[in-house]
Amino acid sequence: MTTFFQACLDGLLIGALYALIGMGLALIFGVMRIVNFAHGAFLMLGMYATFLLFDRFNINPYYGFVPAGILLFVFGYVVYKLLIQPIRERSEFMQILMTIGIDLILIDLAQLTFGADYHQANIDLVNRTLHAGRFTINAASLLSFGIAAAFIIGLQMFVMHSRPGQASRATTQNRDVAPLMGINVVRIQGLSFALGIAFAGIAGGLLLPALYLFPSVGEDYTLKAFVIVVLGGMGSIEGAAIGGLVLGVAESITSTYIGNQWALAIDFVLFLLVLSLKPSGIFGRQRA
Amino acid sequence: MSGWKFWVLLAAGCAVSCLPLLSSNNYLLQVFFRIALFAALGLAWNLVGGYAGQLSLGHAAFFGMGAYGLAIFAAHHVPMWISLFLAVLISTLVGGVIGKIVFRLRGPYFALATIAFAEVLRLGAANLDITGGAIGLSTPSLFTGESFWKLFYLSAVILAVLSFLTNYWTSRSRFGYYLMAIREDEDTASAVGIDTANYKLRSLILSAFLTSLAGAFYGSAFQFIVPDSVLTIDISVQMAIIAMLGGAGTLLGPVVGAILLTGASEIFKNHFGERHLLIYGGLIVVVVLFLPEGIMGGVQQLLRHGRRPPANPLAMKAEAQGVVRQ
Amino acid sequence: MRSRILAALAVLCCATFCAGQNTIKIGIITSLTGSQAAFGEAHKNGYAIALDQINAKGGVLGKKLELDFYDDQSKPDQAVQGVSKLVDEDHVPVLIGPYSSENAKAIINPVIQHRVPLLIPTATADNVMDSKSPWIFRICAGANDYAKKTIEFLQHNGSPKTMAIVYEKTNFGQANMQAMKEAATKAGIKLVAIEQYEAKTPDYRAVLRRVKAANPDVIYFCSYLLDATTLMRQSREVDLNPRYYTSSGTGFAAAEFPTSKGAGKDAEYTFSVSQWLADAPWPGSKEFDAEYAKRFGSHPAYHAMQAYESLLVVADAINSAKSLAPAKIRDAIRATNLKTSAFGPVKFDATGQNQHTVLITQVQGGKYHLVYPPDVADSKPIIPAPKWSERK
């Protein structure tokens, strides 16, 4: 039983980061109906930004993720203005194609700028282990979890209660009626896109101490983000948060009882099960 | 495009396609093999993605099953051509099963579900013993000897022509009009009595058949396969890009897309070294920004200069047949 | 329309590839982009140093040597295409590459069909040498050599009874696992756990806990690059205490691994097989390390050295063949007999495999120390690895 709870615990810790990644994607999808294939590439940029701050200026990644997130917010907004806004009325196909193009460009640019080498940010905290009874928790993972949780709740509050957040929800619900209500849809979409990208960047920064960094590190996370978003119900932000946690725990349990090599497969199996049994997502309500 | 014009074009295309056979440069033949094969793949994808308007990003599943099927049967001492037949048969049947499941979904859900199927197969192939795991499998060579690449190139051209004719037939048959009606408005199509699930499924089965055939030839030509070479999402994405960039739902689009993207990426690689993906990505972005209907869409608009540019000529045709009520 | 594009393509190809005559080209296939680009870069750097040395000494056959790179994008089929491009189009007489075992395996048949010699610098999976073709050579030691040397070392140092293998899901990992499985079984060591894992994920705790439950004397890790850091860090976290941490190189033999940029203190006491070390007792080793560090700002792992030495061997072979005929170069490579080089003695056996000495190192005090075989060792192995709770 200890093994089981330990597996759940490990899963929840990483799941919070998955949740952050998924929420960013859900935000973008909800407001714009764009499936962002470049999501992992933005996560990678967030990692590089955090890493450079650590490497050049010796800024701890647990502070560095903040400027990285802000940087990604600005960058996301620029990308929206230059590349996404001009095609916002185009077919879903073309929008997906655009994000694939952006993905290729970002990964290759990263390799040309930073080289193909692997990097790692080693901080003391990663080497600290906390003991709670028979359970062990990595201190850095716990801190990442805490920060991620704060951002998850923060985003949820922002979306529910702030004026731009409400406008973004209105846009999610109905893109045609929202402008009639005096909502500037283009502005809201730009803001949501940038915010979604910033979340990917923050997740990248928080992932950095546990993982290592190379230009195509984000690829797996793009697919993971898709899975998370579908689990939680497309476009639902709180759904994505729960989807991320579920995915983390599912992977960890698979890894403990079946074998680590099947952990990625469980993502997709879960995904197909949910899609075929309840396409609105485990926690999705009927699209309101 | 109708009547004699089409056949003249096809004959000219076939004649031109035979030109590389005069060369004995294996590298050029290999590049042209890839172009012809991806033209076939783009056209196969076009049936589902272009005519039926269902954005599949999981065609690598069929491609990989074709290649793996051939390798596995041949490894168990099944004669080569029978292995090929069995591999394609199984992939097509699996295509039907997958279709049954994924076609209950729409839009982005559908696209993501197709990715998931392909990924499950990739991870399965990477973990199971029968597929050789990450080490991979040797694939039998369907052709041998001096003219190895010529024969493979010729097969790819034949496959491309076959896919082209399938597309041509689709674009003019009742089957095709139904698909286009589904693309334009699935609910309306269903309301006027089209069995949408059935027609989408048929287009996928046809597409899976052609794709797995291409996959088997690809695996055989390169003689060795690993999950990351034939079941990767890169293959799925590339098929979709070729068709969409060339012009989804047009006859010539996927062909143009394959020549441009597959040919160009090889040239980019030889010229720009490590920057080639950057340029490839840039090309995609530019086309999406400036040619909303793909390259062929742009060309057609140019040809119709002065007249009202139609959103999509095929859609107009479907409309003219009275299938679609706007 | 199609004809015009084809024609343009053909012209472009030709215009690009028809090269000058005052140089001799050697074809290099490696992974400059894609998931293995980091190693491709190491290759490229190693080749660059060798190239400058060769040309500074007057090149080969009185002409300057030139490298003709083909990027396989870390994909096997692209590597196959590279063989055709380099041989049919650019007419190179000899090939070096590629980086990974997957890609090497994929190009064996095409290379044999093209009848040019291929020197493989880094692919350790032994199936790349299965063909026994006279055209295929390999300069690095293979997975079987790794396993055998590790077992030999263990039997010399306390003869442990049980072992667990933890390997990553790639051709490299799988090949090393199989080699060790055979070698250990033959030596009478009981395998109590064999665990596979997905590389590049941040959490291996579950895998390590399963290993811990099996309580082996020895763990043999087969993993790439920075996974090694994560594995050791999390081994401490789950308090996994075998008597020996052993490994099949790569991640556990990377220059950063024992430093603060890698696993740091957690790397202490781990054993690894190694193909090469800057401290190896071979002339030119330290100079290569220094030159590499000067040029590229970091210390090389053995992949760069293998690329470097491969190019030197090929250049030598061309010089002694006095010809650019592939068959002559092949025979000259086969006849290579370097008593010493920066990569140790180089001599190919009948199957084309270089009889390379596999070294065993242990991290002691933040540095790799050579502990086996005895004739080159500079330190004594520390056994058993202290329990995590007893480490400072």
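The values are calculated or read from the model by the stated rules, or taken from the named source; none is laboratory data. This one's a predicted model, so the numbers in the text were calculated from it and none came from an experiment. Cβ atoms come from the backbone with ideal geometry, glycine included; neighbour counts cover every protein chain shown.
Looking at the structure I just gave you, is A:Glu219 closer than 29 Å to A:Pro86 by Cβ, within 14 Å of chain C (Cβ to nearest Cβ) and out of contact with any His (no Cβ under 6 Å at 6 or more places or on another chain)?
Here the answer is yes, as A:Glu219 does meet what is asked.
Identify the single condition in (1) in a helix (DSSP H, G or I); (2) closer than 30 Å to C:Gln178 by Cα that B:Ile158 does not satisfy, given that it satisfies every other one.
(2)
Report whether or not B:Leu89 is part of a helix (DSSP H, G or I), more than 14 Å from chain A (Cβ to nearest Cβ) and more than 26 Å from A:Lys224 (Cβ to Cβ).
yes
I'd like to know if the stretch A:62-85 contains one or more residues that are of a type in the set (S, T, N, Q), part of a loop (DSSP other than H, G, I, E, B) and either within 12 Å of another protein chain (Cβ to nearest Cβ) or touching a residue at least 40 places away in the same chain (Cβ under 8 Å) (or both).
no
Has the stretch A:222-235 got any residue that is closer than 25 Å to C:Glu195 by Cα, of a type outside the set (A, V, I, L, M) and assigned to a helix (DSSP H, G or I)?
Yes, the stretch A:222-235 has at least one match.
Testing C:Ala48 on (1) out of contact with any Gly (no Cβ under 8 Å at 6 or more places or on another chain); (2) buried (at least 23 other Cβ atoms within 10 Å of the Cβ); (3) of a type in the set (Gly, Ala, Ser), one condition comes back false. Which one is that?
(2)
Looking at (1) touching a Leu at 6+ places or on another chain (Cβ under 7 Å); (2) more than 14 Å from chain A (Cβ to nearest Cβ); (3) without any contact (Cβ under 8 Å) to a residue 40 or more places away in the chain, which is the one condition that is false for B:Trp169?
The one condition B:Trp169 does not meet is (1).
Being more than 12 Å from chain B (Cβ to nearest Cβ), modelled with pLDDT of 90 or more and in a helix (DSSP H, G or I) narrows it down to one residue among C:Ala147, C:Ala104, C:Ala79, C:Ala141; which is it?
After ruling out the rest, the residue left standing is C:Ala147.
Can you find a residue that is at the interface with chain A (Cβ under 10 Å from one of its Cβ atoms), in contact with a strand residue (DSSP E or B) (Cβ under 9 Å, 6 or more places away or on another chain) and modelled with pLDDT under 90 anywhere in the stretch C:215-226?
Yes, the conditions are met somewhere in the stretch C:215-226.
For the stretch B:67-79, does any single residue satisfy the condition of being modelled with pLDDT under 90, away from chain C (no Cβ under 14 Å) and surrounded by fewer than 24 Cβ atoms within 10 Å (Cβ to Cβ)?
no
Does the stretch C:335-357 contain any residue that is more than 20 Å from C:Ala141 (Cβ to Cβ) and either among the small types (Gly, Ala, Ser) or modelled with pLDDT of 95 or more (or both)?
For the stretch C:335-357, residues more than 20 Å from C:Ala141 (Cβ to Cβ) and either among the small types (Gly, Ala, Ser) or modelled with pLDDT of 95 or more (or both): present.
For residues that are more than 17 Å from C:Leu225 (Cβ to Cβ) and among the hydroxyl-bearing types (Ser, Thr, Tyr), scanning just the stretch C:123-179, find the one that is surrounded by the fewest Cβ atoms within 10 Å (Cβ to Cβ).
Out of the qualifying residues, it is C:Ser159.
Please verify whether B:Ser138 is at pLDDT 90 or above, more than 14 Å from chain A (Cβ to nearest Cβ) and surrounded by fewer than 24 Cβ atoms within 10 Å (Cβ to Cβ), treating the condition exactly as stated.
No: the conditions fail for B:Ser138.
Six or more apart or on different chains, Cβ atoms under 6 Å: show the pairs whose first residue is in the stretch B:1-28 and assigned to a helix (DSSP H, G or I) and whose second is among the small types (Gly, Ala, Ser) and modelled with pLDDT of 85 or more.
If the second residue must be among the small types (Gly, Ala, Ser) and modelled with pLDDT of 85 or more, the pairs left are B:Asn26/C:Ser84; B:Tyr27/C:Ser84.
Within the stretch A:225-244, can you find the residues that are over 16 Å from A:Arg33 (Cβ atoms) and either within 10 Å of chain B (Cβ to nearest Cβ) or surrounded by fewer than 24 Cβ atoms within 10 Å (Cβ to Cβ) (or both)?
Once the filter is applied, which keeps residues that are over 16 Å from A:Arg33 (Cβ atoms) and either within 10 Å of chain B (Cβ to nearest Cβ) or surrounded by fewer than 24 Cβ atoms within 10 Å (Cβ to Cβ) (or both), the stretch A:225-244 yields A:Val227, A:Glu238, A:Ile242.
Could you look through the stretch A:259-276, keep only residues that are under 15 Å from B:Gly124 (Cβ atoms) and among the β-branched types (Val, Ile, Thr), and pick out the one that is nearest to the other protein chains (Cβ to nearest Cβ)?
A:Val269
Among the numbered criteria (1) within 14 Å of chain A (Cβ to nearest Cβ); (2) of a type outside the set (S, T, N, Q); (3) assigned to a helix (DSSP H, G or I); (4) closer than 30 Å to B:Thr196 by Cα, which single criterion is violated by B:Arg104?
For B:Arg104, the exception is condition (3).
Using beta carbons and a limit of 7 Å, which pairs, at least six apart or on different chains, have the first residue in the stretch A:124-150 and within 11 Å of chain C (Cβ to nearest Cβ) and within 18 Å of A:Thr2 (Cβ to Cβ) and the second one small (Gly, Ala, Ser) and assigned to a helix (DSSP H, G or I)?
A:Thr129/A:Ala139; A:Leu130/A:Ala139
Select from the stretch B:121-134 the residues that are within 7 Å of another protein chain (Cβ to nearest Cβ) and surrounded by 22 or more Cβ atoms within 10 Å (Cβ to Cβ) and write down the one among them that is nearest to the chain's Cα centre (by Cα).
Only one residue fits best here, namely B:Leu123.
I'm trying to understand the selection: among the residues of the stretch B:22-52, which are surrounded by fewer than 24 Cβ atoms within 10 Å (Cβ to Cβ) and of a type in the set (Gly, Ala, Ser)?
B:Ser23, B:Ser24
Residue check, C:Val87 against (1) part of a loop (DSSP other than H, G, I, E, B); (2) within 12 Å of chain B (Cβ to nearest Cβ); (3) over 17 Å from C:Gln36 (Cα atoms), all met but one. Which one?
Just one mismatch for C:Val87, condition (1).
Pairs only if they're at least six apart or on different chains, beta carbon under 9 angstrom, first in the stretch C:61-74 and more than 14 Å from chain B (Cβ to nearest Cβ), second among the basic types (Lys, Arg); list them, first residue then second.
Final answer for the pair search is C:Leu61/C:Lys322; C:Leu65/C:Lys25; C:Glu66/C:Lys25.
Of all residues in the stretch C:269-291 being within 29 Å of C:Ser159 (Cα to Cα) and surrounded by fewer than 20 Cβ atoms within 10 Å (Cβ to Cβ), which is nearest to the chain's Cα centre (by Cα)?
C:Asp279
How about the stretch B:191-234: which of its residues are surrounded by 24 or more Cβ atoms within 10 Å (Cβ to Cβ), aliphatic (A, V, I, L, M) and out of contact with any strand residue (DSSP E or B) (no Cβ under 7 Å at 6 or more places or on another chain)?
Within the stretch B:191-234, B:Leu204, B:Ala208, B:Leu210, B:Leu213, B:Ala214, B:Ala216, B:Ala221, B:Val226, B:Val230, B:Leu231 qualify.
Sort out which residues of the stretch C:261-280 are closer than 20 Å to C:Asp145 by Cα and not hydrophobic (A, V, I, L, M, F, W, C), and write them in order of number.
Matches in the stretch C:261-280: C:Thr270, C:Ser272, C:Ser274, C:Gln275.
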